[in-house]
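Peer 1: One structure coming up, written as structure tokens, with questions to follow.
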Amino acid sequence: MVAAGGRAGPAGAPGCPGDDGIDHEPILDDHRLVAIAQIGLGKKMKHLVRAGADHDAAIPTPAAVLGFEAGHRTANSAQVQAYAQAVAAASPRARLVEHGRSHEGRPLVHLVISSPANLARTDEIQAGMAALADPRGLDATRRARLIESLPGVAWLGYSIHGNESSGSDAALVMIHHLAADRSAATLQLLDELVVIIDPDMNPDGRERFVKALAESRGTQPNVDDQSVLHTGYWPFGRGNHYLFDLNRDWIYGRHPETRGRIAAISAWRPLLFVDAHEMGAQDTYLFSPAREPHNPHLPPYRRTLGQVFATDQARAFDRFGYPYYSGEWHEDWYPGYTDAWASLRGSLGILYEQARIAEDGVQRHANLLSYAQSVHHQVLSSLANLETLRRERSAMLEAYASDRAESVSVRGPYANRSFVILPTANQGRLNDLLDLVRLQGFEAHRLTRALRVGSAVDQLGRELRNHDLPAGSIVLRNRQPEARLLAAMFEFDPRMSEHALAREREWIASSPKARQAKSKARIKAYDELVRAANDRRPGDAQIVIPAGERLGQVVIEAEGLTKGFGDRLLIDDLSFKLPPGGIVGVIGPNGAGKSTLFKMITGAEKPDAGEIRVGDTVQLGYVDQSRDHLDASKTVWEEISGGNDV
């Protein structure tokens, strides 16, 4: 986890390079409020990117197409589309691809940006990534050659929620810089990477949002985040035409935005997948990695390489004194989130969450944050992630290839199980499911005759022995290239790790009573984890200890405790407090008073002086070592069985 960071102020003066040579605008203070309407990301594009950028004047800037600087105000979907077309027409590094149409008929496009040499071998790159993705029949020599020669592919997705606008405006800056910059650093980046920019993932929602902005905009800047300019109004712009949250559609594939995008992503199989969002206006900036629980089917390199990316991204923010945090959100469990779905397919999914500044800026407790700066945060993150991908390209290709090979191995973790869809009279639902199977790239087979299997588990967790599968059943063998996503989507009852439950239990026990809204949501999530853990049934050779209820602040407390028998004093003026989540061992020789202490805690013995308090939420479990209740005339079997033979 990367700790929250950022210095109190920006690294350099307005319009001057920071520590890393990037020009930037600082956080605004109250004295500059009057100027906020005129603040974009600087008068020139160089204020967004590394010092030394040499932008080709033949490539149009966003201002030349939009009529205003990127980040000065929110561009609508038509403007984003127009700028993408203009750059693709002017730059030999950029190729515009339409991968679908929204429900309202708006084009869904992405730009492929790389060196002209890489663009010329697009088919070769896609074929090479496909070979690594399905390594059956791939020999070691060709695999090594592919890892050495293939560029790293990045998919940068912006604003899947239409009212989270800074991502798409940052995409305009990224498009211009990558297509126009002639500096050695950018030329090297594009020689080693193919960067795919998906600038407007939800055009219908964005258009609805921009329309609301226009209706709510005044003649003076509005920095009140409780005003309608910043809060919006129903139906908002988060969802698509049908108000569906497209960041939940990746495993269902019901909407054209998702279906077209999945097909395009499947052709490229990117190593990096960025998902740029926004959150509450009074927050700061969040990025991956996620907090536990993690979906058990995520590839192991997601955590190790994810930490490398997070460290580099944190350093980029530290150079400007920008605040940020990571490791605090739960986005790794549900496989339908963008970054989780991409990671289950082998990409390194990274989530951005920028404090939402709808337009102008937002007054915060310590400063005024402009919309321009929110766009800069998204640009800064994108550039940092691309540079890390360039540096780690070989390692990521190797990790990707190794994991895919393990997924199809007869000795791999998915080798000995399959998912079976039994025949049904509901042909429509079956056809929809098979369509989804094809869209996700899963391999499926239909049984032409009945087949008996030695053991199976149904959707209720019941074990079936010598079970007959009827002809017509659809079989999805888990041992296939998309094994991880298949398992995450079809597994009946995935389990969170005991470590994740323990971490949440520890947080619940130590958190103050006065909890914020986020804390309440976290408590609710914990309660759901506990219910799931308590429902777990023991399997073979397994002991399951259900998670306990949430403890209050008082667990077990003793004050001035004294106890003796006759003239023998065992416990003298003992005081202690057992904290929530605490683990205490009591040791001592025979006769020291250990059992007596526990008997007083359970109420079997009374103290001579002092008192013991047991919290209202505490449930005691105690195994008495005493054998006083046993009948000495009976054998062990008679005592246990009650004299019954069976």
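Peer 1: Please work out how much accessible surface ARG319 shows to a 1.4 Å probe, ignoring ligands, DNA and RNA, in Å² rounded to 10.
Peer 2: 80 Å²
Peer 1: If you wrap a convex hull around the alpha carbons of segment 262-394, what volume per residue comes out, as a whole number of Å³?
Peer 2: Enclosed volume per residue, from the Cα hull, is 113 Å³.
Peer 1: Here's another thing I want to ask about it. Can you grab the distance from the C-alpha centre of segment 420-440 to the C-alpha centre of segment 138-172, Å, no decimals?
Peer 2: 31 Å
Peer 1: Given Cα positions, please report Rg to Rh for segment 170-260, the hydrodynamic radius being the Kirkwood one.
Peer 2: My calculation puts Rg/Rh at 1.11.
Peer 1: Next question, about the same structure. What is segment 344-501 by shape, rounded, prolate or oblate, if you read a ≥ b ≥ c off the alpha carbon gyration tensor as root eigenvalues and call it rounded for a/c under 1.5, prolate for a/b larger than b/c, and oblate otherwise?
Peer 2: prolate
Peer 1: Please list 3J(HN,Hα) in residue order for segment 471-476, calculated via the Karplus relation 6.51 cos²θ - 1.76 cosθ + 1.60 where θ = phi - 60°; whole Hz, with x for glycine and proline.
Peer 2: Result, rounded to whole Hz: 4, x, 5, 9, 10, 10.
Peer 1: Nearest 0.05, what FRET efficiency do ARG495 and TYR242 give at R0 = 41 Å with Cβ-Cβ as r?
Peer 2: Plugging the Cβ-Cβ distance into 1/(1 + (r/R0)^6) gives 0.75.
Peer 1: Which far-off residues, 5 or more places away or on another chain, put their amide H under 5 Å from the one on GLY361, with H placed in the peptide plane?
Peer 2: The list, which skips near neighbours in sequence, is ASN222, TYR371.
Peer 1: Let me ask something else. Need the C-alpha centroid separation for segment 53-82 versus segment 305-334, integer Å.
Peer 2: Segment 53-82 and segment 305-334 have Cα centres spaced 28 Å from each other.
Peer 1: Per-residue HN-Hα couplings for segment 553-563, Karplus 6.51 cos²θ - 1.76 cosθ + 1.60 at θ = phi - 60°, whole Hz, x for Gly and Pro?
Peer 2: Each residue of segment 553-563 in turn: 6, 9, 10, 9, 9, 10, 9, x, 6, 9, 7 Hz.
Peer 1: Additional query: Work out the charge dipole of segment 253-390 with +1 on the Cβ of Lys and Arg and -1 on the Cβ of Asp and Glu about the Cα centre, then indicate which of PRO293, ALA372, PRO256 is farthest towards its positive end.
Peer 2: So the residue we want is PRO256.
Peer 1: Taking the Kirkwood radius as the inverse of the mean 1/r across Cα pairs, report the Rg/Rh of segment 411-485.
Peer 2: 0.96
Peer 1: Moving on. Can you run phi through the Karplus equation (6.51, -1.76, 1.60; θ = phi - 60°) for segment 588-603 and list ³J(HN,Hα) in whole Hz, with x for Gly and Pro?
Peer 2: So the Karplus estimates, Gly and Pro as x, are x, x, 4, x, 6, x, 5, 5, 4, 4, 5, 5, 5, 5, 7, x Hz.
Peer 1: Using the alpha-carbon centroid of each, what span in Å lies between segment 379-404 and segment 221-257?
Peer 2: 30 Å
Peer 1: Diagonalise the Cα gyration tensor of segment 93-241 and give the resulting equivalent ellipsoid semi-axes, square root of 5 times each eigenvalue, largest first, whole Å.
Peer 2: For segment 93-241, the semi-axes come out at 39, 18, 12 Å.
Peer 1: Next question. What length, rounded to one decimal in nm, is gained on full extension from ALA425 through to ALA130, with 0.36 nm per residue of separation minus their alpha-carbon distance?
Peer 2: Result: 102.6 nm gained on full extension.
Peer 1: Right, next: Mind giving me the FRET efficiency for SER227 and PHE68? R0 is 30 Å, r the Cβ-Cβ distance, nearest 0.05 is fine.
Peer 2: 0.85
Peer 1: Taking amide hydrogens as modeled 1.01 Å from N in the peptide plane, which residues meet the under 5 Å criterion relative to VAL457, leaving out close sequence neighbours?
Peer 2: The list, which skips near neighbours in sequence, is LEU464.
The values are calculated or read from the model by the stated rules, or taken from the named source; none is laboratory data. Since we're looking at a predicted model, the values are computed, not measured. Cβ: placed from backbone, ideal geometry, glycine included. Neighbour counts: every protein chain shown. All accessible areas refer to the heavy atoms of the entire protein, side chains included, with ligands and DNA or RNA removed. Shrake-Rupley method; radii C 1.70, N 1.55, O 1.52, S 1.80 Å.
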